[in-house]
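Remarks on the structure that follows.
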Amino acid sequence: MANSLTLDIHYSEGMYFSIFEMEAGDIEEILDIETQSFSSPWTKAMFRQELDLEWSKVFLVKKSVGRLKEIVGYICFWLIIDEVHILNLATHPDCRRNGIATSLINSCLKSSILAGAKDITLEVRKSNLPAISLYRQFGFEVKGIRARYYSDNREDAIIMWLDLNRYRKRLFP
Ligand SMILES: CC(C)(COP(=O)(O)OP(=O)(O)OC[C@H]1O[C@@H](n2cnc3c(N)ncnc32)[C@H](O)[C@@H]1OP(=O)(O)O)[C@@H](O)C(=O)NCCC(=O)NCCS
């Protein structure tokens, strides 16, 4: 997979949103979003471990206002052979509904296509309607249920799946 990737989006208020790969120094800031976003958040050690896994990628969005830079979202995914699995995705609560997760998924999908992936899958809590709606916008479909998958409340996971060829055709009709 590509080592560095930037995708700049300009917002009218003069803010820039750029996508980078996570480095060790980013983890503290990411943890702040993680703990505000999940009932069972990943730990520092879990994010640190992703840096050592050859098949793992963590992309993050940095918001720049003048010289001030702040991480406002991230996605973690694994590419194993030709299948991608999204493991984590979150946007800072103060920055939601600004297209940040959409940009992260687009970057993940494009990077996965370049790396030769064919399919992409993920699990999402049955009650997480915002995330399900987000994934549906990309053409993800429900493929099954993992009963009582989440240990904190025994909630079911919905398995969603996307044929990357379908996404590629949307990009290059
Ligand atoms: C789900 C999440 C990542 C979305 O991030 P975001 O940056 O706000 O998403 P976007 O702005 O790119 O939204 C894109 C689309 O997702 C859907 N969506 C996002 N938030 C939504 C909400 N609160 N209610 C309904 N739909 C929502 C909409 O279809 C939206 O498109 P629209 O704004 O044109 O209507 C964010 O709410 C979050 O971090 N949640 C907590 C962590 C989490 O649940 N992660 C996913 C785990 S599987």
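The values are calculated or read from the model by the stated rules, or taken from the named source; none is laboratory data. None of the values given here were measured: they were computed from a predicted structure. Every residue, glycine among them, receives a Cβ derived from its backbone with ideal geometry; neighbour counts consider all protein chains shown.
If the condition is being farther than 22 Å from Ile33 by Cα and more than 13 Å from the chain's Cα centre (by Cα), then region 86-137 contributes Ile113, Leu114, Ala115, Gly116, Ala117, Lys118, Asp119, Arg136, Gln137.
Within region 126-151, the residues that satisfy the criterion of being among the basic types (Lys, Arg) and either in a loop (DSSP other than H, G, I, E, B) or away from the ligand (no atom under 15 Å from the Cβ) (or both) are Lys126, Arg148. Please verify whether Val61 is within 20 Å of Pro130 (Cα to Cα), touching a residue at least 40 places away in the same chain (Cβ under 8 Å), in contact with a Gly (Cβ under 9 Å, 6 or more places away or on another chain) and β-branched (Val, Ile, Thr), treating the condition exactly as stated. Against the criterion (within 20 Å of Pro130 (Cα to Cα), touching a residue at least 40 places away in the same chain (Cβ under 8 Å), in contact with a Gly (Cβ under 9 Å, 6 or more places away or on another chain) and β-branched (Val, Ile, Thr)), Val61 qualifies. Could you tell me whether any residue of region 29-38 is among the hydrophobic types (A, V, I, L, M, F, W, C), in contact with a His (Cβ under 8 Å, 6 or more places away or on another chain) and modelled with pLDDT of 95 or more? Within region 29-38, one or more residues are among the hydrophobic types (A, V, I, L, M, F, W, C), in contact with a His (Cβ under 8 Å, 6 or more places away or on another chain) and modelled with pLDDT of 95 or more. Give me the residue from region 39-78 that is of a type in the set (Lys, Arg) and at pLDDT 95 or above and, out of that set, surrounded by the most Cβ atoms within 10 Å (Cβ to Cβ). Per the stated criteria, the residue is Lys57. In region 96-110, is there at least one residue being farther than 19 Å from Ser18 by Cβ and buried (at least 19 other Cβ atoms within 10 Å of the Cβ)? No: zero hits.
Asp32 falls short of the stated requirement of being among the acidic types (Asp, Glu) and in contact with a Gly (Cβ under 7 Å, 6 or more places away or on another chain).
Residues in region 122-171 that are out of contact with any strand residue (DSSP E or B) (no Cβ under 7 Å at 6 or more places or on another chain) and of a type in the set (Phe, Trp, Tyr): Tyr167 only.
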